[in-house]
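Comments concern the structure below.
The values are calculated or read from the model by the stated rules, or taken from the named source; none is laboratory data. What you are looking at is a predicted structure, and each value in this text was computed from that prediction instead of being measured. Positions of Cβ are backbone-derived with ideal geometry, glycine not excepted, and every protein chain shown enters the neighbour counts. To get the accessible areas, we keep the full protein, side chains included, count just its heavy atoms, and leave off ligands, DNA and RNA. Shrake-Rupley method; radii C 1.70, N 1.55, O 1.52, S 1.80 Å.
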Amino acid sequence: MMMYKKSVKVSRNAPCPCGSGLKYKKCCLNSPKGSGPDQLKKLYANAKKYNIRLKQQVDIEGIRKAGCLVLDTLDLVENEIRPGITTDSINTIVHEFTLKNGAIPAPLNYKGYPKSVCVSVNEVICHGIPSERVLKDGDIVNVDVTSILNGYYADANKTFFVGSPGPDARKIVHVAHESLRKGMAMVKPGNTIGDIGWAIQKYAEGEGCSVVREFVGHGVGFDFHESPQVPHYGSRGKGIELIPGMVFTIEPMINLGKKELIILDDQWTAITADGSLSAQFEQTIVVTGNGYESLTPYE
Ligand code: MF3
Ligand code: CO
Ligand code: CO
């Protein structure tokens, strides 16, 4: 998602940040001063301040179901990808499969987006609009699927090879995939949003690649794009502290060349300014009591 400005909102009914699964008001909120985990109160106040809607167990199960559908959709698409197909045929597959499973493709009509999935080829960083463009041998193609099932949103993407990849394609897809893993490995209570971006940036730049700044991971579940923003660059220990019940995406966009981008006249398609290849992987994850769990898990 595109970076946006911060805002504020509240709820005593949100899950307790201690990870008990109880509502905050039934748990740590009323602990007697001194014996109560004041530190947790501070964390929860922080979540409120940043308008983060913590998820209860029932919500997490709902998002997980939506996530299963997203993964099934990506698997279906992967099987159809070959030289000669158009990116619009991927849109048709995603659209029909989503409806058939009783879900809604979140991208369709989202802020005027005209299709049901984003399909981003080669130098397209993200938000590629499905079209009559034909995939050719050696291309890389990112397919980003977000489904709404029973009101819950899950968001995940992968970059696929079309036919046989060359060395540059192999390199950027490997680095983007590994970047997601490095980011996910930082997720546990006590670490911060900044730790995630720091790990990704350090790794990707160490491989001679660059990290896109204009698009970030995001809270997700009740809505497509919630607070917090999750940059894929940053500093150790900086930013909001992670709390059990937070659900957000990590979705690093990594360029083989420079980090700068251009948005095309369609107002959606983002391409690398230098024309270099760009790849991305995304999962929706929940912070647990001692780490994280992916709600759209793949290797
Ligand atoms: N799925 C994208 C993300 O990861 C958002 C796409 S917005 C759309 O945040 F409108 F282009 F679909
Ligand atoms: Co996303
Ligand atoms: Co996405």
Original post:
Out of E78, E61, which single residue is out of contact with any Cys (no Cβ under 8 Å at 6 or more places or on another chain), over 21 Å from G190 (Cβ atoms) and without any contact (Cβ under 8 Å) to a residue 40 or more places away in the chain?
Top reply: E61
Subject >> Whichever residue in the stretch 42-91 is of a type in the set (K, R) and modelled with pLDDT of 95 or more and, among such residues, is farthest from T284 (Cα to Cα) >> reply: R82
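Let's see how each residue does on (1) aliphatic (A, V, I, L, M); (2) more than 16 Å from ligand 1 (Cβ to nearest atom); (3) touching a residue at least 12 places away in the same chain (Cβ under 8 Å); (4) on the phi > 0 side of the Ramachandran plot:
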| residue | (1), (2), (3), (4) |
| --- | --- |
| H218 | no, no, yes, no |
| K238 | no, yes, yes, no |
| F248 | no, no, yes, no |
| G257 | no, yes, yes, no |
| L264 | yes, no, no, no |
| S278 | no, no, yes, no |
| T288 | no, yes, yes, no |
Subject >> Positions within the stretch 153-176 being within 15 Å of ligand 3 (Cβ to nearest atom) and touching a Phe, Trp or Tyr at 6+ places or on another chain (Cβ under 8 Å), in sequence order >> reply: Y153, D155, A156, N157, K158, T159, A176
Subject >> Pick from the stretch 53-68, criterion surrounded by fewer than 22 Cβ atoms within 10 Å (Cβ to Cβ) and of a type in the set (A, V, I, L, M, F, W, C), ranking: nearest to N157 (Cα to Cα) >> reply: C68
Subject >> Only listed residue being of a type in the set (S, T, Y) and within 15 Å of ligand 3 (Cβ to nearest atom), chosen from S210, S116, S131 >> reply: S116
Original post:
Which ones in the stretch 269-293 are buried (at least 18 other Cβ atoms within 10 Å of the Cβ) and farther than 16 Å from V175 by Cα?
Top reply: T269, A270, I271, T272, T284, I285, V286, V287, Y292
Original post:
Which ones in the stretch 101-141 are closer than 15 Å to S89 by Cβ and of a type in the set (D, E)?
Top reply: E132, D139
**OP:** Could you tell me whether the stretch 197-211 includes any residue that is within 15 Å of ligand 2 (Cβ to nearest atom), of a type outside the set (K, R) and either in a loop (DSSP other than H, G, I, E, B) or within 21 Å of A45 (Cα to Cα) (or both)?
**Re:** no
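Listed here are the residues, each with its yes/no results for (1) closer than 26 Å to V220 by Cα; (2) within 13 Å of the chain's Cα centre (by Cα).
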position	(1), (2)
G128	yes, no
I140	no, no
I148	yes, no
Y152	yes, no
D155	yes, yes
P165	no, no
R170	no, no
Subject >> Residue list for the stretch 235-268, filter: in a loop (DSSP other than H, G, I, E, B), crowded, with 24+ Cβ neighbours inside 10 Å and within 16 Å of ligand 2 (Cβ to nearest atom) >> reply: M246, E251, P252
Original post:
Being within 14 Å of ligand 2 (Cβ to nearest atom), open to solvent by 10 Å² or more (accessible area, probe 1.4 Å) and assigned to a strand (DSSP E or B), is that true of even one residue in the stretch 227-234?
Top reply: yes
Subject >> Residue ID - farthest from G234 (Cα to Cα), chosen from residues in the stretch 195-222 that are touching a Leu at 6+ places or on another chain (Cβ under 9 Å) and among the acidic types (D, E) >> reply: E214
**OP:** Go through D274, D266 for me and flag whichever is away from ligand 3 (no atom under 15 Å from the Cβ) and touching a Lys or Arg at 6+ places or on another chain (Cβ under 9 Å).
**Re:** D274
